[in-house]
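See structure below.
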Amino acid sequence: LAGASEEERNEFFLADYQPEHFAITSKSGTYDRRDGVSDGKLFSELKTAMNGLGFSKEDQKNILAVTCAILFASNLKILKLSDDHCQVDETNEFLQPVLSLLGINYDDFDTALCTFSISAGEDSAMSDNYVRSVPQARAVTGLEALMKSTYGALFDLMVYKIQRSSEELDDMADMYSSGAYIGVLDIFGFEKFGVNSFEQLCINYTNEAFQRQFNQFVLEHAQREYEDEGIEWSYINFHNNQDVIDLIDKRGFGILAILDDQCKTVGTTD
């Protein structure tokens, strides 16, 4: 939003909107940069990097279109028609950008969110399909899941294309050198907010697991080898975070195991 040109803002329906206008970016209150970093400059650097990695203009356009569609989708409303019936609000000003950017029509979108089908019979091609409506709360959850899965698929696509581009660059480098390199892994990304989502738990759990791997293979094993070989060195003390990992993923008693059990129980909610 900060670095988009006037043409891009018009193309992606952003002309009249800022980050505070979208539910997905405004709830945390962190969209206002306070660290001196220019989002406009970062956006320009992003496009330069994508060009360098072989993303075509069409690829870049589609990536931005899907990203903007998710922004607009966070503002959609599901209307309650009855206890078991609902409908995507056709009058919502953010609906048309979602449909246009994703290349879908309203009827299909409403059907996907507000109904589900049951197939009777072993042969799905010949079986009868029964369509049922869903309650408003379930449709809202479905919309959130759609946004999350779409963003996840977009992220996976970008990682795939970056990897393919990197492999091609590595193949070129192998023609001129032995391929020696130094790799850097940044394992620190811990964050704690006033209210932490499940996604944040997964992020922090992953970082705790990375930290444990680092402790084991870089500190524990290396210092054990020093002891075995009689090498003099200053012992490095470090915090063993295994208790934190056990709290999250211990079989039967960890947070993830408890969440799995709750998901299998009828009638549970978020």
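The values are calculated or read from the model by the stated rules, or taken from the named source; none is laboratory data. Predicted model only: the values in this text are computed from it and were never measured. Note: ideal-geometry Cβ built from the backbone for every residue, glycine included; neighbour counts use all protein chains shown. The protein model used for the area step is the full one, side chains on, heavy atoms only, and it has no ligands, DNA or RNA in it. Shrake-Rupley method; radii C 1.70, N 1.55, O 1.52, S 1.80 Å.
Positive contributions from Lys and Arg (+1) and negative ones from Asp and Glu (-1), summed over other residues with Cβ under 15 Å from the Cβ of S149, come out at -2. Determine, from the Cβ-Cβ distance of I162 and K250 and an R0 of 41 Å, the FRET efficiency 1/(1 + (r/R0)^6), rounded to the nearest 0.05. E between I162 and K250, to the nearest 0.05, is 0.75. Among residues other than N10 whose Cβ falls under 14 Å from its Cβ, what is the net charge (Lys/Arg +1, Asp/Glu -1)? With Lys, Arg at +1 and Asp, Glu at -1, the net is -3. In this structure, the amide hydrogen of C86, modeled 1.01 Å from its nitrogen in the peptide plane, lies closer than 5 angstrom to those of L81, V134, counting only residues at least 5 positions away or on a different chain. What distance in nm separates the simple spin-label points at E93 and Y151, each placed 7 Å from Cα in the Cβ direction? Placing both labels 7 Å along Cα→Cβ, they lie 2.3 nm apart. Computed over protein heavy atoms with a 1.4 Å probe, the carbon and sulfur contribution to the accessible area of the chain reaches 54%.
Computed over the chain, the per-residue total of -39500 (n - 2.57) for DSSP H runs of n ≥ 4 gives a 222 nm mean residue ellipticity of -16500 deg cm²/dmol, rounded to 500. In the full protein context, the chain carries 71 Å² of accessible surface per residue, based on a 1.4 Å probe and ignoring ligands, DNA and RNA. Neighbours of C114 by Cβ distance under 15 Å: Lys/Arg scored +1, Asp/Glu scored -1, total -4. Over all projection directions, the Cα-based convex hull of the chain averages an area of 23.6 nm². A simple spin-label model places the labels of V66 and A137 3.2 nm from each other, with each point 7 Å out along Cα-to-Cβ.
For K161, the lysines whose Cα comes closer than 25 Å to its Cα, not counting residues fewer than 8 places off in the same chain, are K41, K47, K57, K61, K148.
The simple Förster model, with R0 at 30 Å and r as the Cβ-Cβ distance, assigns L219 and Q262 a FRET efficiency of 0.25.
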